[in-house]
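One structure is given here, and the rest of the page talks about it.
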Amino acid sequence: MTAPSLQPTRPHHPAFAAFVRFVICGGGVGVASSGVLVLLHDRMPLALANALVTVVSTLIATELHSRVSFRSGRSGWAVHLQSGLTVAVSYAFTTGALLCLYAIRSEPSTLVQQSVYLSASALAGAGRFALLRVVVFGERKAAGTRGASLGKASVAMAA
């Protein structure tokens, strides 16, 4: 009889863990947003409905990503603005995808609309993850790390 292996499991790369959290937070907001988009679509033009859904969902998602996905605490207005700029591309991408769908099919089913919207949102989300991780939240963490390193170096030099 052999003893069970006591080798420690290999931890996941921090980027992978952040991506999983990003997908869960962003995916949850995205699914809710797609449902709201369907409700608003009959009441206003598609581009306006998508713009409203995009703005509100961006504010919610940015706060979730800051606190949960990238674990950098509460977001300030600068982070919301930077995140909003990445969403401008997502807005153009999702709206373009839906407009292409309507050019191909004048009255697509709700299932087809949702499939196109969620697929476009997923592709845009992958791009947003990279930008948010490297540019928006990466700089804040790097600045915090540099400050901590300088503090230790200053203490070592003073001693």
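The values are calculated or read from the model by the stated rules, or taken from the named source; none is laboratory data. If you're wondering where the values come from, they're calculated on a predicted model, not measured in any experiment. No Cβ is skipped: glycine too gets one built from the backbone with ideal geometry, and neighbour counts run over all protein chains shown. These accessible areas exclude ligands, DNA and RNA; they are computed on the full protein's heavy atoms, side chains included. Shrake-Rupley method; radii C 1.70, N 1.55, O 1.52, S 1.80 Å.
Brief remarks follow.
- Difference of contour (0.36 nm per residue) and Cα-Cα distance, residue 126 to residue 106: 4.3 nm
- With a Förster radius of 41 Å applied to the C-beta separation of residue 114 and residue 78, the computed FRET efficiency comes to 0.75.
- Quotient of Cα Rg and 2.2 N^0.38 Å for the range 1-111, N being how many residues it contains: 1.46
- Heavy atoms of residue 115: accessible area, 1.4 Å probe, square angstrom to 10: 60
- Inter-label distance for residue 71 and residue 85, nm, one decimal - labels placed 7 Å from Cα along Cα-to-Cβ: 2.7
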